[in-house]
2 protein chains.
Amino acid sequence: MLTIGEFSRLTHLSVRTLRRYHEAALLEPAVVDETTGYRYYGVDQIPTAQVIHRLRELDVPLSDVQRILRTPDPGVRAALVTDHLRRLEDALDRTRAAVVSLRRLLRPDPAPIDVELRAEPARTVAAVEAVVGHRDMATWFAGAMAELEAAVGAAVTGPPGGIYDNALFEQERGHALVYLPTAAPPRTGRVHPTVLPAAELAVTTHVGEHDGIEVTYGELGTWVVENAMSVAGPVREVYVVGPRDTSDPAAWRTEIGWPVFRVT
Amino acid sequence: MLTIGEFSRLTHLSVRTLRRYHEAALLEPAVVDETTGYRYYGVDQIPTAQVIHRLRELDVPLSDVQRILRTPDPGVRAALVTDHLRRLEDALDRTRAAVVSLRRLLRPDPAPIDVELRAEPARTVAAVEAVVGHRDMATWFAGAMAELEAAVGAAVTGPPGGIYDNALFEQERGHALVYLPTAAPPRTGRVHPTVLPAAELAVTTHVGEHDGIEVTYGELGTWVVENAMSVAGPVREVYVVGPRDTSDPAAWRTEIGWPVFRVT
DNA sequence: GTGGACTCTCCCCCAAGGGGAGCGTTTAGA
DNA sequence: TCTAAACGCTCCCCTTGGGGGAGAGTCCAC
């Protein structure tokens, strides 16, 4: 039996943290003295403590750590861990994007923006939509687009696009829709026909990979306001040239469309 | 002038967050209506808001964001940002290490550990020491070791090593010392002679890169306890074969020494 | 048997927001 | 011009994963 201090030294977890894990029923001491409340740990708990420590270093929430620990099947457990590692990769992508944006923002480079006003008519497309968390966007997008491609196949009549609720950016959660235009939208799995509503859009084109696209959003927003307009409704993106067309991200062209109306 | 809602849509920052940034004096609205308390922002504040947003995505604390924004000199500002990017790299290294450790922990692989008890005599070495945060360890270590190498030069009489306070692992902050053994330790810059105290050590060797070394710590700890001993004092590492000797991390050999005493 | 190290619980604190209540303001349409 | 909806305000509490410290009890080696 090890006192909490000894266990702390052996696992490199602080005494405080160990108490918290006890409280969270994450790592219960092998023995708790009824009268004194002293916690005593067993040597066999060291590996468990280490697993927790490593998972926490990966920012896995305690609740998820608990779920992982309580999963007896090693295969399922490994799957849960892998799932978190995927999340980690997403986070890494976002970090990279932020770095690129930051570099672009800190470069004292006016680079005038080219904006076009366009009246977009309503049209019917094949779509996949969901309320999705900001964190999971990348993964969700990849899956949805793959399903769309599979459902529509060669009947595609134009570049894919998406409509994204502002709440998706402002609060970590919102409605997202991706679509592929086609003459007769199928209805299979998550894919279904949807009418994209007509809209008056301020459109600009972001060139290159999507890292840094937020800066273009900001420039578009500035243009909209300076041209005495106001923003209304969800944002649209059209992937005019994207990964479907070329593997060179520098050649990608993404149209960003912001629904606007004139404020006389 | 933009209302907070419009500004929110244009910057993809939530209304709530904008209010918080106002409160924190990070991003003050251009105009605040005296009577209603309504906040109004200018278009020219969009880039600033975006810089803040990107920095926050990089987990830069608001206080540091503020410092960066208030730095007028673009060169100094870029340096501050670069500094944070370096921290980010450190974090990435830790993440990688945690993933490696986790894989090793989840592998059902007993792999008996080889531990040697050794009475280490006191000896005088050239050392650099500091109280350092867990986060900054990697960077600090690299700098300290470089300074040691420069100061001692060819007079080295053995592999480098370090002594690390347990608090460094348990709480995010603790005393760390790295040393190079040499006959006549110099005193330049942070380098100074120090006596490594004698100690009874339980020693095992970790093979390969340091990612995953925590697992070896755990195994050593288990051995110590199972052999009726108790852990006392800071941990020691000796980099028997390290980056100084070979560029192949798989060939590295790190001795981990834990001061112990027998509990009858 | 005693002093110092260790441990206990309890309360407050942190960052960086989110949720919601209760109330005032603005604005578009009837 | 009125009114209702949308929008904005402040205030308070909640979250996560801990850290700091107070005040009191416990353990152990000398």
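The values are calculated or read from the model by the stated rules, or taken from the named source; none is laboratory data. All values reported here derive from a predicted model rather than from experimental measurement. Backbone-built Cβ (ideal geometry, glycine too); neighbour counts: all protein chains shown.
Let's see how each residue does on (1) modelled with pLDDT of 90 or more; (2) in contact with a strand residue (DSSP E or B) (Cβ under 6 Å, 6 or more places away or on another chain); (3) farther than 21 Å from B:Thr205 by Cα:
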residue	(1), (2), (3)
B:Gly75	no, no, yes
B:Arg86	no, no, yes
B:Val99	yes, no, no
B:Arg103	no, no, no
B:Pro110	no, no, no
B:Val115	yes, yes, no
B:Val152	yes, yes, yes
B:Ala155	yes, yes, yes
B:Gly161	yes, yes, no
Open item on the list: What's the total number of residues in segment A:19-38 that are touching a strand residue (DSSP E or B) at 6+ places or on another chain (Cβ under 9 Å) and either touching a residue at least 40 places away in the same chain (Cβ under 8 Å) or within 11 Å of DNA strand D (Cβ to nearest atom) (or both)?
Closed with: 4
Task: Test: residue in segment B:59-67 that is without any contact (Cβ under 8 Å) to a residue 60 or more places away in the chain, crowded, with 19+ Cβ neighbours inside 10 Å and more than 16 Å from DNA strand D (Cβ to nearest atom) - done: yes
Task: Members of segment B:15-32 that are of a type in the set (Gly, Ala, Ser) and within 33 Å of the chain's Cα centre (by Cα) - done: B:Ala24, B:Ala25
- [ ] Could you check how many residues of segment A:65-78 are more than 13 Å from every other protein chain (Cβ to nearest Cβ) and in a helix (DSSP H, G or I)?
- [x] 2
- [ ] Would you please name the residue that is farthest from the chain's Cα centre (by Cα), looking only at residues in segment A:79-109 that are closer than 18 Å to A:Gln66 by Cβ and more than 10 Å from every other protein chain (Cβ to nearest Cβ)?
- [x] A:Ala79
TODO: Six or more apart or on different chains, Cβ under 7 Å: which pairs go from a residue in segment B:89-106 that's farther than 17 Å from A:Ile46 by Cα to one that's among the acidic types (Asp, Glu) and crowded, with 18+ Cβ neighbours inside 10 Å? Could you list them?
DONE: B:Arg96/B:Asp211; B:Ala97/B:Asp211; B:Val100/B:Asp211
TODO: Would you be able to say whether some residue in segment A:85-99 is within 30 Å of B:His84 (Cα to Cα) and of a type in the set (Val, Ile, Thr)?
DONE: yes
- [ ] Provide a single number: the residues in segment B:230-240 that are buried (at least 18 other Cβ atoms within 10 Å of the Cβ) and part of a strand (DSSP E or B).
- [x] 6
Open item on the list: Being in contact with a Lys or Arg (Cβ under 6 Å, 6 or more places away or on another chain) and closer than 13 Å to A:Ala122 by Cβ is the filter here; which residues of segment A:189-208 pass it?
Closed with: A:Leu196, A:Leu201
Open item on the list: Which count do you get for residues in segment B:170-214 that are within 16 Å of DNA strand C (Cβ to nearest atom) and polar (S, T, N, Q)?
Closed with: 1
- [ ] For B:Arg244, work out the one condition from (1) closer than 24 Å to A:Arg19 by Cα; (2) surrounded by fewer than 18 Cβ atoms within 10 Å (Cβ to Cβ); (3) touching a residue at least 24 places away in the same chain (Cβ under 8 Å) it doesn't fulfil.
- [x] (1)
Open item on the list: Among the listed residues A:Arg56, A:Arg16, identify the single one that is exposed (fewer than 14 other Cβ atoms within 10 Å of the Cβ), within 13 Å of DNA strand D (Cβ to nearest atom) and either part of a strand (DSSP E or B) or within 13 Å of chain B (Cβ to nearest Cβ) (or both).
Closed with: A:Arg16
Task: Unique residue being under 28 Å from B:Gly218 (Cα atoms) and touching a helix residue (DSSP H, G or I) at 6+ places or on another chain (Cβ under 7 Å) when the list is B:Val115, B:Val131, B:Val81 - done: B:Val115
Task: Residues located in segment B:121-136, provided they are at pLDDT below 95 and surrounded by 19 or more Cβ atoms within 10 Å (Cβ to Cβ) - done: B:Val132
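A quick yes/no check of all residues on (1) more than 16 Å from DNA strand C (Cβ to nearest atom); (2) closer than 28 Å to A:Gly174 by Cβ:
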{"position": "A:Asp73", "(1), (2)": "yes, no"}
{"position": "A:Arg86", "(1), (2)": "yes, yes"}
{"position": "A:Val100", "(1), (2)": "yes, yes"}
{"position": "A:Arg104", "(1), (2)": "yes, yes"}
{"position": "A:Ala127", "(1), (2)": "yes, yes"}
{"position": "A:Val131", "(1), (2)": "no, yes"}
Task: segment B:35-48: number of residues that are more than 8 Å from chain A (Cβ to nearest Cβ) and either within 9 Å of DNA strand C (Cβ to nearest atom) or within 19 Å of B:Val81 (Cα to Cα) (or both) - done: 5
Open item on the list: Which residue is nearest to A:Gly133 (Cα to Cα), if the candidates are limited to segment A:144-186 and must be of a type in the set (S, T, N, Q) and within 14 Å of chain B (Cβ to nearest Cβ)?
Closed with: A:Gln171
